[in-house]
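The values are calculated or read from the model by the stated rules, or taken from the named source; none is laboratory data. Source: prediction; values computed, not measured. FYI the Cβ positions are ideal-geometry reconstructions off the backbone, even for glycines, and counts take in every protein chain you see.
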Amino acid sequence: MELQRRGFIQGMGALGAASGLSFDAVAQAAKAATPAAKASARPPLETRHIKSGCAICPNFCGIDATVVGGVVRTIYPDTARAEFYNHGICPKGASGMYNTYDPYRLKKPMKRTNPKKGPNEDPGWVEISWEEAFNSLTVRLAKIRADNPSKLVWQHGQGKYLIQEQFCEAFTKAYGTPNMVHRTTACEAARHVADELTWASANILPDLKYSKLLLNFGANYHEGEQASRWLDWQTAMSREQNDLKIVVVEPRLSGVAGKADEWVPVRPGKDVVMLLAMAKVLIDANTIDEPFLVEFTNSPQLVDAAGIIVKDKDGKTPLVWDTATNSAKPYVTGVTPALKGGYTVDGKPVRTAFTVLSDSLKDITPEYAEEVAGVPAATTVRLAQLFAKEARIGETIEIEGQKLRYRPAVLYSFRGLSAKEYGVQGWRTGLILNMLVGSIDAVGGLMLVGGAYARPQYFDVSKCEFPPTRADLAQSVFYPYSNHHIAQTTCLTVQDPAAWSLPYTPEMQIFYGTNRPVSIPNSWQQFEGLTKTYNVVIDILMTESAWYADMVLPDKTYLESWHFAPTRGTPDTGHSAIRQPMTNPFNLEYDAFTIMWELMKRQGLRDKFAQECNKSWGLKDVTFKPGRDYTQREGVEILWADKTKKDFSVAIEQGFVGSRKTAKSKYLSGAEDKFKGPGKAKIKLYADQLIDTYYKVEGIAKKNNLAKIDLPLYKIAYSPLPNKDHAFPTPHREAKDYPFYVITHKRMYRNQSGNTVNNVILNQALGADAATNYVQMNVTAAAAAGIKSGDTVTIETRVGKIKGTAQVVQGIRPDTIAVSYHYGQWSPGYSPAGRKGTAINQVLEYHPDLISGHNSFNDTKAKVYKA
Ligand SMILES: Nc1nc2c(c(=O)[nH]1)N[C@H]1C(S)=C(S)[C@@H](COP(=O)(O)OP(=O)(O)OC[C@H]3O[C@@H](n4cnc5c(=O)[nH]c(N)nc54)[C@H](O)[C@@H]3O)O[C@H]1N2
Ligand SMILES: Nc1nc2c(c(=O)[nH]1)N[C@H]1C(S)=C(S)[C@@H](COP(=O)(O)OP(=O)(O)OC[C@H]3O[C@@H](n4cnc5c(=O)[nH]c(N)nc54)[C@H](O)[C@@H]3O)O[C@H]1N2
Ligand code: SF4
Ligand SMILES: [Mo]
């Protein structure tokens, strides 16, 4: 085996990553890695079956790999995991070994010798030893730390899911920088923040086992999504067993829409208005769950003319209108709050929050929604009525002896409603619909799988930090509820720190498992940020970010290393899992954990790092001890022991341990426990903390003359209730001469912007459809522009122009074009086959959500013409 492995490495060349190897080289490499057929005299190669986890995308599926003579030959789903999460795996996971056996992998540390950075600048890579890499980084890190540790920024994306964020947090804490930046604002941060503003926790899933109706506003679980390997199976099962109906509302006939009972092609970004019109239909017909709204939410709380919730004498406790005594009181036992109405308190007019909502919907008729969102008024009315009917308002069901609220209708979304300039408001609208029928945490409804009220501070006014301490401006006055870091802002603040009153200039950035500028709208503006700092990239490929690096460090893949793995739960189950190494074709020595460990140790921070690891992981029984080193495996053993209390042999043999929820823990420990009844009814139908925060932002901005804060825009964003303004993001208002809405989406064949680019199975073996992406246009729009499938077209936006190949289809609105993510990458370090297609982020406009900092991906407008 050793011999074969050496032959494999020679086939690659140490600098294969940047050497432009062809498909032939891949075939040769595969041959070299194949057990020699003629060596029949040798004993048969050892075959092992290894249970592990896929880490190509954030679905974290359980896998069962067959390894013959040290070479991974097949990857199948782990059948034991089906009960707890995935029944199948996707083509990326099944061909995952091709990401590992990739001649273009980074194999040795490299340093840049050409200080100029740009897509057309040859970095002048020089291979260096790990010793030289660690030494030079140690000197640089020590110097920055002595000056101001905040000048180091750590950025991760997929990396968070590899070694896990807790280690990254411990690294930055031990070093002393506040700047650890994850990618969530490129991903689904706005949906999380909407959840957090509403019930002070995040994460939801539909209770599909019992649902009768799924209204899906852009959760793309046959192509993307983060719980897709459960959603795809469970939706199919529930259709068969439970008569589940699926209606997909989105501008494009996605994989999910194609399999649904009904597809409603809404105009991009205008869903908010359609949803508000549905809310109006429900409220006008009084098909709402009044007891739920009164007992669980802040709907009955009294709101004054300025939009502020009226408080008791203590200045804190909200008042409701008690119908028993006809007076304003806190909601305590004995008080019967009115859901609706206008009253007078201390001589001033007030209305319940619910009435503020219903009054605000006066003009949001289904006909108005038709005009704005392009969905027939009759469809909006019918869907609202269907939602109310299937929700079975008032019914209960008994499960395991518990009598439970039964609301088997659920409105769900992933990035479809949230990857937008008004993303928080977009998903807040969806939440309000679910609240109106009482679907929250009910049987068949929207499950708060992330718990309820775990972080009460999300209900508070934001601290609106000024001046900002973090280079990404998270939690600062600029983005007050950016609770999940801001992926894209560091690349902007480094270009002009004073503009944001950032009191220092970042000097060094470490990018771990993220190809940041490629994943963000207006990519070239992001790349500019990379020219301002000393950059270290820890990756498996020579990505575009690596092309702008000063030093590149190769990492092991998920098939080569130990990890305590994040997992996806379902409404019914949870589990803990590991990933374990099964091959190491390039004999790589280090992975991200051991790189961190070495850097900490050489700076004399090892024990501090160990202590911070114990804190970030919340380790209690089994901990990292000072005064010694840990291998990656030893680190995983500690986490496994502390979190599962099981022997490590269980991890190695089974890869995971699972748990199942009881009806009580599933339905009675969330909203029922935290929000039901007097003193507790706090789910925020009316997000009053936003209005209070707006006034705080206004005060700080005026006092400090902050040019970066455009107050009228903040006022629109910080409305306590979603409204029609949230259907008009900046490009819709301003780019009048650009007729097409541009949307983007995931595709099954690729993950994000890096590690699947070179996978020959996905890229080449699957054929033309998977090999590139297209500019999808509707037949009528294409005919009007004289465009046919296969034509090269130009997409022109206010940011720039880019070319693509037209694909003329019926499954998209005539006023919309769709271009998938993942393609059109340009790094010379990828295989030529990996570089086809259109990188739409290069021309998308940049308008982050002012609440959460989330990027807008589906708001840009464009002209499209034959190139
Ligand atoms: N237009 C458009 N843009 C989008 C999206 C979209 O749908 N449309 N989606 C958005 C979403 S949801 C997200 S989450 C972001 C993602 O944005 P990022 O988190 O920035 O994701 P990638 O850029 O793909 O970064 C993943 C990197 O990890 C590297 N990697 C993979 N495996 C390993 C490993 O084992 N070790 C190391 N060290 N590195 C590894 C890959 O090579 C790649 O460079 O993109 C966003 N951008
Ligand atoms: N194959 C693959 N799977 C992945 C990933 C990957 O890179 N590749 N990435 C993973 C990650 S990190 C994430 S966050 C998830 C994302 O998972 P999803 O959010 O489920 O997928 P996306 O394709 O990003 O976007 C969702 C859908 O929104 C639709 N959409 C666009 N604009 C609008 C609109 O205005 N209204 C409505 N209603 N819909 C709209 C798009 O057509 C798309 O189908 O996918 C995960 N799974
Ligand atoms: S869905 Fe994601 S985690 Fe699951 S097999 Fe596919 S790439 Fe791997
Ligand atoms: Mo994401």
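Tabulated values for the structure
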{"read-out": "Test: residue in the range 488-505 that is at positive phi, in contact (Cβ under 8 Å) with a residue 12 or more places away in the chain and either under 18 Å from the mean Cα position of the chain (by Cα) or crowded, with 21+ Cβ neighbours inside 10 Å (or both)", "value": "no"}
{"read-out": "Among the residues listed as PRO585, PRO571, PRO581, PRO566, the single one being modelled with pLDDT of 95 or more and under 27 Å from GLN509 (Cβ atoms)", "value": "PRO566"}
{"read-out": "Pairs where the first residue, in the range 788-809, is without any contact (Cβ under 8 Å) to a residue 24 or more places away in the chain and the second is β-branched (Val, Ile, Thr) and part of a strand (DSSP E or B), C-beta under 8 Å, 6+ apart", "value": "LYS788/VAL808; SER789/VAL808; GLY790/THR805"}
{"read-out": "Breaking point among (1) touching a Ser or Thr at 6+ places or on another chain (Cβ under 8 Å); (2) surrounded by fewer than 20 Cβ atoms within 10 Å (Cβ to Cβ), for ALA82", "value": "(1)"}
{"read-out": "Answer residue from the range 209-246, given it is away from ligand 3 (no atom under 16 Å from the Cβ) and part of a helix (DSSP H, G or I) and is surrounded by the most Cβ atoms within 10 Å (Cβ to Cβ) among those", "value": "SER238"}
{"read-out": "Helices (runs of 4 or more DSSP H) enclosed by the range 610-710 - at least 3 residues per element that are at pLDDT below 95 and farther than 30 Å from ALA194 by Cα", "value": "none"}
{"read-out": "Close pairs from the range 819-845: first within 19 Å of MET748 (Cα to Cα), partner aliphatic (A, V, I, L, M) and part of a loop (DSSP other than H, G, I, E, B), Cβ under 6 Å, at least 6 apart", "value": "GLY824/ALA839; GLN825/VAL757; GLY834/VAL757"}
{"read-out": "Of the criteria (1) free of Cβ contacts under 8 Å to residues at least 12 places away in the same chain; (2) more than 19 Å from LEU605 (Cβ to Cβ), which one LYS143 fails", "value": "(2)"}
{"read-out": "Matching residues, the range 228-272, being in contact with a Phe, Trp or Tyr (Cβ under 9 Å, 6 or more places away or on another chain), within 12 Å of ligand 2 (Cβ to nearest atom) and farther than 23 Å from GLN425 by Cα", "value": "SER228, ARG229, LEU231, ASP232, LEU253, SER254, GLY255, VAL256, ALA257"}
{"read-out": "Criterion (surrounded by 22 or more Cβ atoms within 10 Å (Cβ to Cβ) and within 16 Å of ligand 3 (Cβ to nearest atom)) met by exactly one of ASN758, ASN773", "value": "ASN758"}
{"read-out": "Which numbered condition THR172 misses (of (1) more than 16 Å from ligand 2 (Cβ to nearest atom); (2) assigned to a helix (DSSP H, G or I); (3) buried (at least 24 other Cβ atoms within 10 Å of the Cβ))", "value": "(3)"}
{"read-out": "Of all residues making up the range 786-812, the number that are more than 24 Å from ALA768 (Cα to Cα) and either of a type in the set (D, E, K, R) or in a strand (DSSP E or B) (or both)", "value": "3"}
{"read-out": "Options ARG105, ARG112: the member that is within 16 Å of ligand 1 (Cβ to nearest atom) and not hydroxyl-bearing (Ser, Thr, Tyr)", "value": "ARG105"}
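Matching residues to (1) polar (S, T, N, Q); (2) within 16 Å of ligand 2 (Cβ to nearest atom); (3) crowded, with 22+ Cβ neighbours inside 10 Å; (4) modelled with pLDDT of 95 or more:
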residue: MET110; (1), (2), (3), (4): no, no, yes, yes
residue: GLY118; (1), (2), (3), (4): no, no, no, yes
residue: GLU127; (1), (2), (3), (4): no, no, no, yes
residue: ALA146; (1), (2), (3), (4): no, no, no, yes
residue: GLY159; (1), (2), (3), (4): no, yes, yes, no
residue: PRO206; (1), (2), (3), (4): no, yes, yes, yes
